[in-house]
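Single-structure report; data block below.
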Amino acid sequence: MSKFDAMALAQARSMLAHTAGVDVLGEWRKQSKSAAWLLRLRLKLEAEPTAAVPLYSEWEVAVNFDADEWGKVQIYPALGPNGLTVTFQHQQFNGARHATWECRSGHVCSASWSGGLAKQRNALPVEPTTTAERICWHVVRVLEWLPQAATNILAKPGDVYELPDFAIGGKTLGNRLVYLENEESFALWQQDTNTSGIAWLSNSPETNTLYVRSFLPARGKQAIYTPPWGQVVASKKKDWQALWIRLNEMPVVGPWQAPATTTELAQALTAQGKNLADMLEPLWKNFELTGAQVMLLVGVPIPRKIGEDPYRYHWQALQLFPITKAPPKSRLALVKAHLASAHPLTWLQLAENWDAAELQNRGRLPQALCEAKVLLLGAGALGSNLSVQLVHMGVQHLTVVDGEKLEGGNLVRHTLGFEQLTQPKALALAEQLRQANPLAHVVGIDLMLPKTSAEFEQAASEATLILDATAEDAVLRMIPLACMNLDALFVSCSLSLRAEQLFFYAEMAGQFEQAKFDEWYAPYRLQQNELAEQIDLPRGIGCYNPLTPAPLNRIAGLGSVAVELLEQVYGQPISLPVSLSHNWRVPLLVPATEEVFP
């Protein structure tokens with residue numbers, strides 16, 4: 001710690017000593033093997049005391065200079081009889097001692113909801129940036145939190161629903177459980193009477209992830225629900241069986257603590273009129289002891305906001321017992337005996353719902369476009385950039401058609417890389433896109449248009465959006481093919497020389513006429529011809545092999561414009577055909593007229 005950090009801590013202690021409702025107990029204490037410093041405080045509750053929240057409680061202010069150069073501030077209940085021992089909403093699990101510091105584990109969430117946005121300059125800062133002021137600000141926030149905890153109003157109707165903290169127990173075999181639930185699957189669950197069963201998982205050790213693949217009832221092999229994963233997850237081996245149970249509500253003890261022991265889990269289930277042993281008993285006959293652990297998936301219906309009806313299930317994974325090398329019957333007996341005894345629980349800390357609405361909520365395309373069956377003609381520079389944006393942003397069904405192989409000269413502006421050199425562009429791009437979206441079904445067809453094949457004709461007949469990124473008249477002359485879905489939207493996207501313009505033309509496939517397209521494009525074609533005669537085009541070997549100049553930044557930028565235009569024309573009441581050009585525009589900086597430095 002620098003002398004300036006020491007001065008800031010001393011200043012904060014002095015400021016806290018003059019803060020109403022705060023008593024400073026002792027001096028700052030350096031924590032061993034850490035850059036954290038702790039200061040004990042006594043805080044006064046400005047509300048009627050309760051058994052869980054007394055009039056005076058003791059806390060530790062932790063300032064960690066490893067996590068933040070100005071000191072990351074967190075406030076934990078103190079060890080000893082005067083520290084809070086239960087876990088409330090907006091608090092981490094408080095049922096144990098901190099792993100390394102002299103305090104309990106349950107720090108209060110005293111940060112502002114907009115803090116993350118403010119750090120990225122997308123909101124006004126609320127938390128002070130200087131160390132002393134920041135410490136005092138967090139302490140005041142806890143003073144405000146205490147009466148809400150005592151009066152049980154930390155979670156109010158209309159607040160966003162919050163899961164309890166499941167960072168409980170020892171080392172787990174995986175970092176996270178990944179499942180797929182939404183309103184549609186919730187309706188399926190509501191129609192089913194099974195409250196327990198067997199699930200198949202796919203274990204992915206390279207990412208420390210367990211994917212939920214299917215839910216089966218206790219008896220029978222017909223799945224109750226099979227999550228609709230894309231190819232990248234669906235291709236993984238189902239190599240791990242787990243048990244599952246469904247509850248009426250989140251299993252918690254106290255205000256908002258996830259069960260930390262088998263006793264607490266039994267207590268939480270009893271409150272819902274359920275018994276774990278009874279729920280699991282029908283499962284043992286068909287349960288296969290695969291994997292390294294007996295896992296239990298606990299499913300709970302949750303709302304978006306407190307006070308609203310549930311809209312989907314949340315699944316949390318619990319490690320019940322390690323699988324031994326004993327005979328199967330002996331292993332089952334060991335598992336049952338272990339469940340019947342009192343012992344600590346180990347939860348997988350992370351459980352993520354990878355439904356599209358949640359997985360892609362940072363920037364998703366409209367639902368209609370996400371559900372489109374897209375046929376992309378051309379996997380060149382523009383086609384690859386368009387496809388990457390579409391699939392990343394939620395398109396789940398895409399077939400890409402191209403007959404060329406990736407060459408070294410393509411690397412300067414293609415989304416594929418060195419490892420894909422000499423591979424068919426369509427096939428390599430499809431593989432790349434499958435990895436980009438775990439819900440996507442992407443197929444590549446290695447075909448040099450305007451030739452066709454049975455596979456191509458099948459894709460054309462199913463497509464609801466046909467996107468031409470070849471910029472070739474020979475392809476336009478194919479439209480509409482007899483095999484095409486005539487109600488599909490056909491869109492032609494191309495770029496000018498140097499990617500200074502985007503040319504966008506949209507029409508229903510059954511109504512497309514190349515003559516109308518040619519009439520619209522004629523002045524642009526003339527313009528491009530004149531430009532080609534004026535500029536020194538880059539060339540390969542030979543005088544008859546000019547290359548099309550177009551830098552990647554402009555291709556990606558104009559491709560983004562094309563995607564936004566697709567959002568407007570697909571599934572929207574827009575009068576067709578749509579034909580427009582869009583110029584690449586970047587502010588031009590004016591050079592200084594005088595030298596800044598002599």
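Kindly evaluate Ser575 against the criterion of being farther than 23 Å from Asn385 by Cβ, modelled with pLDDT of 90 or more and outside any helix (DSSP H, G or I).
It is true that Ser575 is farther than 23 Å from Asn385 by Cβ, modelled with pLDDT of 90 or more and outside any helix (DSSP H, G or I).
Could you tell me whether any residue of region 302-312 is surrounded by 20 or more Cβ atoms within 10 Å (Cβ to Cβ), charged (D, E, K, R) and within 32 Å of the chain's Cα centre (by Cα)?
yes
Return the pairs, sorted by first residue and then second, in which the second residue is among the hydrophobic types (A, V, I, L, M, F, W, C) and part of a loop (DSSP other than H, G, I, E, B), the first residue lies in region 464-482 and is within 12 Å of Lys451 (Cβ to Cβ), the beta carbons are less than 9 Å apart, and the residues are 6+ apart or on different chains.
Every condition considered, the pairs that remain are Ala474/Leu449; Val475/Leu449; Met478/Leu449; Met478/Met484.
For Asp446, work out the one condition from (1) closer than 20 Å to Ala372 by Cα; (2) surrounded by 15 or more Cβ atoms within 10 Å (Cβ to Cβ); (3) under 33 Å from the mean Cα position of the chain (by Cα) it doesn't fulfil.
Exception for Asp446: condition (1).
Looking at Ala96, Ala123, which is the one that is on the phi < 0 side of the Ramachandran plot, in contact with a Leu (Cβ under 8 Å, 6 or more places away or on another chain) and among the aliphatic types (A, V, I, L, M)?
Ala123
Can we say Ala132 is touching a residue at least 40 places away in the same chain (Cβ under 8 Å) and part of a helix (DSSP H, G or I)?
Details: touching a residue at least 40 places away in the same chain (Cβ under 8 Å): yes; part of a helix (DSSP H, G or I): yes.
It is true that Ala132 is touching a residue at least 40 places away in the same chain (Cβ under 8 Å) and part of a helix (DSSP H, G or I).
Could you check region 212-234 and list, in sequence order, the residues that are within 14 Å of Leu177 (Cα to Cα) and not in a strand (DSSP E or B)?
Pro227, Val233, listed by residue number.
Scan Ala17, Ala35 and give me the residue that is without any contact (Cβ under 8 Å) to a residue 12 or more places away in the chain and on the phi < 0 side of the Ramachandran plot.
Ala17
Consider only pairs whose beta carbons are under 9 Å apart and that are at least six residues apart or on different chains; among these, list those whose first residue lies in region 526-541 and is at pLDDT 85 or above and whose second residue is surrounded by 10 or more Cβ atoms within 10 Å (Cβ to Cβ) and part of a strand (DSSP E or B).
If the second residue must be surrounded by 10 or more Cβ atoms within 10 Å (Cβ to Cβ) and part of a strand (DSSP E or B), the pairs left are Gln527/Gln501; Gln528/Gln501; Ala532/Pro546.
Identify, from the list Gly254, Gly299, the residue that is touching a Ser or Thr at 6+ places or on another chain (Cβ under 7 Å) and of a type outside the set (S, T, N, Q).
Only one candidate qualifies: Gly254.
Can you tell me which residue within region 376-389, out of those that are within 29 Å of the chain's Cα centre (by Cα) and not small (Gly, Ala, Ser), is surrounded by the fewest Cβ atoms within 10 Å (Cβ to Cβ)? I'd like the intermediate steps shown before the answer.
Within region 376-389, the first condition is being within 29 Å of the chain's Cα centre (by Cα), and the residues that meet it are 376, 379-389.
If we keep only those that are not small (Gly, Ala, Ser) too, we end up with 376, 382, 385-386, 388-389.
On the way: Leu376: 31, Leu382: 25, Asn385: 23, Leu386: 28, Val388: 18, Gln389: 20.
The selected residue is Val388.
Among the residues of region 408-424, is there at least one that is assigned by TED's automatic domain parsing to the domain that holds Phe512, of a type in the set (Val, Ile, Thr), in contact (Cβ under 8 Å) with a residue 24 or more places away in the chain and under 17 Å from Cys370 (Cα atoms)? Spell out the reasoning first.
Of all residues in region 408-424, those assigned by TED's automatic domain parsing to the domain that holds Phe512 come to 408-424.
If we keep only those that are of a type in the set (Val, Ile, Thr) as well, we get 412, 415, 422.
Checking which are in contact (Cβ under 8 Å) with a residue 24 or more places away in the chain leaves us with 412, 415.
Imposing the further condition that a residue be under 17 Å from Cys370 (Cα atoms) reduces the set to none.
Checked against the condition, which is being assigned by TED's automatic domain parsing to the domain that holds Phe512, of a type in the set (Val, Ile, Thr), in contact (Cβ under 8 Å) with a residue 24 or more places away in the chain and under 17 Å from Cys370 (Cα atoms), region 408-424 yields no hits at all.
Given the residues Thr261, Thr270, which is the only one that is loosely packed, with under 15 Cβ neighbours inside 10 Å, β-branched (Val, Ile, Thr) and modelled with pLDDT of 90 or more?
Thr270
Filter region 214-245 down to the residues that are touching a helix residue (DSSP H, G or I) at 6+ places or on another chain (Cβ under 8 Å) and of a type outside the set (Ser, Thr, Tyr) and list them by number.
Within region 214-245, Ala218, Arg219, Ile224, Pro227, Gly230, Gln231, Val232, Leu243, Ile245 meet the criteria.
Within region 104-137, take every residue that is aliphatic (A, V, I, L, M) and touching a Ser or Thr at 6+ places or on another chain (Cβ under 9 Å) and give me the one that is surrounded by the fewest Cβ atoms within 10 Å (Cβ to Cβ).
Going through the qualifying residues, I end up with Leu124.
Pairs, please: C-beta under 8 Å, at least 6 apart or cross-chain, first residue closer than 14 Å to Val252 by Cα and in a loop (DSSP other than H, G, I, E, B) and in region 149-165, second of a type in the set (Val, Ile, Thr) and modelled with pLDDT of 95 or more?
Leu163/Ile302; Pro164/Thr87; Pro164/Val252; Asp165/Thr87
Inside region 1-52, can you point out the residues that are part of a helix (DSSP H, G or I) and in contact with a strand residue (DSSP E or B) (Cβ under 7 Å, 6 or more places away or on another chain)?
Leu9, Arg13, Leu16, Ala17
Go through Thr195, Thr261, Thr209 for me and flag whichever is β-branched (Val, Ile, Thr), touching a strand residue (DSSP E or B) at 6+ places or on another chain (Cβ under 6 Å) and closer than 21 Å to Pro282 by Cβ. Before you say what the answer is, go through the steps one by one.
Working: Thr261 fails: closer than 21 Å to Pro282 by Cβ; Thr209 fails: closer than 21 Å to Pro282 by Cβ.
None of the other options fit; the residue is Thr195.
Out of Val160, Val140, which single residue is farther than 28 Å from Leu41 by Cβ and either assigned by TED's automatic domain parsing to the domain that holds Met250 or aliphatic (A, V, I, L, M) (or both)?
Answer to the selection: Val160.
How many residues does region 178-234 hold that are β-branched (Val, Ile, Thr) and more than 26 Å from the chain's Cα centre (by Cα)?
Total meeting the criteria: 3.
So which residues in region 462-484 are within 33 Å of the chain's Cα centre (by Cα) and surrounded by fewer than 18 Cβ atoms within 10 Å (Cβ to Cβ)?
Residue satisfying the conditions is Glu462 alone.
Return the residue satisfying two criteria in turn: it lies in region 495-506 and is surrounded by fewer than 21 Cβ atoms within 10 Å (Cβ to Cβ) and not in a loop (DSSP other than H, G, I, E, B), and of such residues it is nearest to the chain's Cα centre (by Cα).
Among them, the one singled out is Phe504.
So His392 clears everything in (1) crowded, with 18+ Cβ neighbours inside 10 Å; (2) assigned by TED's automatic domain parsing to the domain that holds Ala454; (3) under 17 Å from the mean Cα position of the chain (by Cα) except one condition, right? Which one?
Against the list (1) crowded, with 18+ Cβ neighbours inside 10 Å; (2) assigned by TED's automatic domain parsing to the domain that holds Ala454; (3) under 17 Å from the mean Cα position of the chain (by Cα), His392 comes up short only on (1).
Working only within region 435-458, note down all residues that are within 21 Å of Leu476 (Cβ to Cβ), in contact (Cβ under 8 Å) with a residue 24 or more places away in the chain and part of a loop (DSSP other than H, G, I, E, B).
Residues satisfying the conditions are Leu447, Met448, Leu449, Pro450, Lys451, Thr452.
Go through region 235-271 and count every residue that is of a type outside the set (Lys, Arg) and assigned to a strand (DSSP E or B).
9
Return the only residue of Ala342, Ala368 being surrounded by fewer than 16 Cβ atoms within 10 Å (Cβ to Cβ), in a helix (DSSP H, G or I) and touching a residue at least 24 places away in the same chain (Cβ under 8 Å). Step through it out loud before you land on a result.
Details: Ala342 fails: in a helix (DSSP H, G or I).
Only one candidate passes the filter, namely Ala368.
Looking at region 400-420, is at least one residue more than 33 Å from the chain's Cα centre (by Cα) and assigned to a helix (DSSP H, G or I)?
Looking through region 400-420, at least one residue is more than 33 Å from the chain's Cα centre (by Cα) and assigned to a helix (DSSP H, G or I).
The values are calculated or read from the model by the stated rules, or taken from the named source; none is laboratory data. Since the structure is predicted, the reported quantities are computational estimates derived from the model, not experimental observations. No Cβ is skipped: glycine too gets one built from the backbone with ideal geometry, and neighbour counts run over all protein chains shown.
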